[in-house]
Amino acid sequence: MSVAADDRMWGSDPHATDTTSTPPQPVPGRHGADRDRARALAARLRLTIDGDPEPSEQDWTALGQALNRGDPLADAAIAWMREVGRATAWPLMEQGLHEGPGALSDEAGALKVFLAHGWQMPAWVDWRRAKRGAQVMQGTGEHGLMVLRDAGLMAGYQAGAINQTLLKTGALERGAHKRIAETTTWWLACTEEDGLQPGQPGHRMTLHVRLMHALVRDQLARSPEWDAQWLGLPINQVDMQATYLAFSAVHLLGLRLTGMLFAQEDADAVMHLWRVMGWLVGVEDHLMCDDEATGRVLMYRNLVTQAPPDESSALLGRALMNEPLQRTYPFARALRGRLDRERHLSLVSWFLGPEGLHNLGLPQRQPWYPLMMMAPTVVGSVALRTLPWMEGPWRAIARRQQRAYQQGLAGREPQAPWNAKEPAAGQRSG
C-alpha cells in the first residue's frame, strides 16, 4: 500500500471530516474487546494482503474514536424533523428526495442543508469510473448477489457489537427476508449505469437510507437500553465503514474466491463506485479508498477492532439461513427454497470454514456449490476477457438474472423505500 493511500485513510484527505475541534471521548469498551480472536477471524483476509496490515497505535486510536462519531448533517436533519413533527417533516423529506433541495424553502432548515449537500457531489467523483464499476457489478449476475449476501452480510454477523442495532430495532421480528429484499432493491438501483448521479433512483435511495440511519441513531441513542459506554454511537463511523467495505472490497474478494476474474482497473472502478455510495450514505471520506488493495487493508483493520461473535450472531445467522424458504418461486417453491438454503450454506462454508459456521449457529456443510461452479465461472471470466464483444450481451443476461433474483425476494415490483407509509426505522445497508 502506498504512503499516499495510508495518509488518505487517516486524515490527510482534504474531504475528511475535521475531528480535532472536539476533545476525545472515552473509547467504547467494545473496541478491541478480544483482539487475538478478532485477528484469528481475519486471518484468511490477511493472507490476501501484501505487507503488514496491522494498525499503528495512531490508527487504532482513531478507529476507537470513530465509534463515537455519527453523521452530523443527517443527524441535524432528523433533529429538525423531530422538532417540527412527522406530519410536517415527512412529506417535505419525500418531496426533497424526489425533486431535489430546490423544491424546498429555506424554512426546511437542516433538512434542506442535508439535501443540498447530497446533491453537490465532491470534486473527486469520476462518473466514467463509477459507470464502469456499475457495469462490472451488473455482469456478476445472480452469483454476484449470492456472494454479496453470504460474504458480506452473513459473514458480517460475526461482529457481535454491530448486531445490536439490528436486534434493538426489531430486525428479527421483521425478518431477514424483508431486509434482504430492501437491500437488493437498493443495490440494483446503485448499480444502474449513472444510478448514483444526483436525482437518479440509486442516489435518492441512498440519501433516504442515510436519513433512516440517522433516525435509528437518534432513537437508540436516547433509549435507556442502549449501552453507549460499551457500544459507542448506534450506526457509528466504524460500523458504517464495515458496511461500505462489505459492498466493495469484501464483495470483490468473495467473487474472486469463487472463480471470477477481474482486470485490476475494473476492480478499482468498483471500489470507486462504492466510494461514491459511501460518501452519499455518510461515511467519512478518509475511511474509504479508491483501490482494492487498500480496501482489504481497511477491512482488516476494521475487523481486528470488532467485538467477537456472541448470541446475536447465531440469532441473526439462523434467521438469514432460513430466508430462502420465504422467497417467491414460479414453481416447486418448497423444493427450490430448500435448495437455495443449501447453496447459501455451502457458500458460507467456503468463505468462513467450520469455525465461522459455528460462530453463526449454522449447521456444518461442505462447499460443494462454489467448487461445482468454480470451473465454469473461471472459463466464463476468461472468455469475457479474451472476447470483449461478448461483454455487452452477457451483461444484459446477467442483469436479468439479478432482477429475477430480486423479484423472487420481493414477490412484486420493487418500490422506492421512500414510498413506504411509515419510516423504515430498522432499515440499514445490510
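Of note:
- Annotation: of all residues in region 173-194 being of a type outside the set (Gly, Ala, Ser) and more than 14 Å from the chain's Cα centre (by Cα), the one that is most open to solvent (accessible area, probe 1.4 Å) is Glu173.
- Of all residues in region 382-394, one or more are at pLDDT 95 or above and either closer than 25 Å to Thr183 by Cβ or not in a helix (DSSP H, G or I) (or both).
- One residue alone among Gly109, Gly102, Gly85 is out of contact with any helix residue (DSSP H, G or I) (no Cβ under 6 Å at 6 or more places or on another chain) and on the phi > 0 side of the Ramachandran plot, and that residue is Gly85.
- Single residue of Gln229, Gln237, Gln200 found to be surrounded by fewer than 22 Cβ atoms within 10 Å (Cβ to Cβ), farther than 26 Å from Gly411 by Cα and at pLDDT 95 or above: Gln229
- Only one of the numbered conditions (1) at pLDDT below 95; (2) aliphatic (A, V, I, L, M); (3) out of contact with any Lys or Arg (no Cβ under 9 Å at 6 or more places or on another chain) is violated by Val297, and that is (1).
- Residues of region 103-116 satisfying the condition of being surrounded by fewer than 18 Cβ atoms within 10 Å (Cβ to Cβ) and of a type outside the set (Gly, Ala, Ser): Asp106, Glu107, Val113
- Inside region 266-286, residues that are closer than 22 Å to Glu57 by Cβ and assigned to a helix (DSSP H, G or I) make up a count of 1.
Every residue, every condition in (1) aliphatic (A, V, I, L, M); (2) within 29 Å of Arg395 (Cβ to Cβ); (3) modelled with pLDDT under 95, yes or no:
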site	(1), (2), (3)
Glu99	no, no, no
Ala103	yes, no, no
Phe114	no, no, no
Gly141	no, yes, no
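- Filtered residues of region 377-406 (kept if without any contact (Cβ under 8 Å) to a residue 60 or more places away in the chain and not hydroxyl-bearing (Ser, Thr, Tyr)): Val379, Gly380, Ala383, Leu387, Pro388, Trp389, Met390, Gly392, Pro393, Ala396, Arg400
- Neighbours by Cβ (under 8 Å, 6+ apart or cross-chain): first from region 360-376, among the aromatic types (Phe, Trp, Tyr); second open to solvent by 60 Å² or more (accessible area, probe 1.4 Å): Tyr369/Trp350
- Which listed residue is hydrophobic (A, V, I, L, M, F, W, C), at negative phi, at pLDDT 95 or above and surrounded by fewer than 24 Cβ atoms within 10 Å (Cβ to Cβ), from Met121, Met154: Met121
- Only listed residue being assigned to a helix (DSSP H, G or I) and either among the small types (Gly, Ala, Ser) or modelled with pLDDT under 95 (or both), chosen from Asp6, Asp13, Asp59: Asp6
- Output for region 82-101, where each listed residue is among the hydrophobic types (A, V, I, L, M, F, W, C) and within 23 Å of Gly202 (Cβ to Cβ): Trp90, Leu92, Met93, Leu97
- Yes/no for Leu166 being in a helix (DSSP H, G or I), under 16 Å from the mean Cα position of the chain (by Cα) and over 22 Å from Leu273 (Cβ atoms): yes
- Residues of region 363-374 that are assigned to a helix (DSSP H, G or I), over 16 Å from Gly152 (Cβ atoms) and either under 21 Å from the mean Cα position of the chain (by Cα) or not aromatic (Phe, Trp, Tyr) (or both): Leu371, Met372, Met373, Met374.
- A Cβ distance below 8 Å, combined with a sequence gap of six or more or placement on separate chains, defines the contacts here; from region 206-221, residues that are touching a residue at least 12 places away in the same chain (Cβ under 8 Å) reach residues that are acidic (Asp, Glu) and open to solvent by 10 Å² or more (accessible area, probe 1.4 Å) in the pairs Ala214/Asp75; Arg217/Asp75; Asp218/Asp75.
- For region 56-77, the criterion of a residue being acidic (Asp, Glu), under 24 Å from Ala293 (Cβ atoms), within 23 Å of the chain's Cα centre (by Cα) and open to solvent by less than 40 Å² (accessible area, probe 1.4 Å) is satisfied by at least one position.
- Between Gly170, Gly141, the distinction of being small (Gly, Ala, Ser) and either touching a Pro at 6+ places or on another chain (Cβ under 8 Å) or open to solvent by 10 Å² or more (accessible area, probe 1.4 Å) (or both) belongs to Gly170 only.
For (1) assigned to a helix (DSSP H, G or I); (2) not β-branched (Val, Ile, Thr), each residue gets a yes or a no:
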position: Arg82; (1), (2): yes, yes
position: Ala87; (1), (2): yes, yes
position: Pro91; (1), (2): yes, yes
position: Glu94; (1), (2): yes, yes
position: Ala110; (1), (2): yes, yes
position: Val113; (1), (2): yes, no
position: Trp124; (1), (2): no, yes
position: Arg129; (1), (2): yes, yes
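- Test result for Leu261, part of a loop (DSSP other than H, G, I, E, B) and open to solvent by 30 Å² or more (accessible area, probe 1.4 Å): yes
The values are calculated or read from the model by the stated rules, or taken from the named source; none is laboratory data. No experiment lies behind these values; they were computed from the predicted model shown. We place every Cβ from the backbone using ideal geometry, glycine too, and count neighbours over all the protein chains shown. When the accessible area is computed, the model is the full protein with side chains, heavy atoms only, and any ligands, DNA or RNA have been set aside. Shrake-Rupley method; radii C 1.70, N 1.55, O 1.52, S 1.80 Å.
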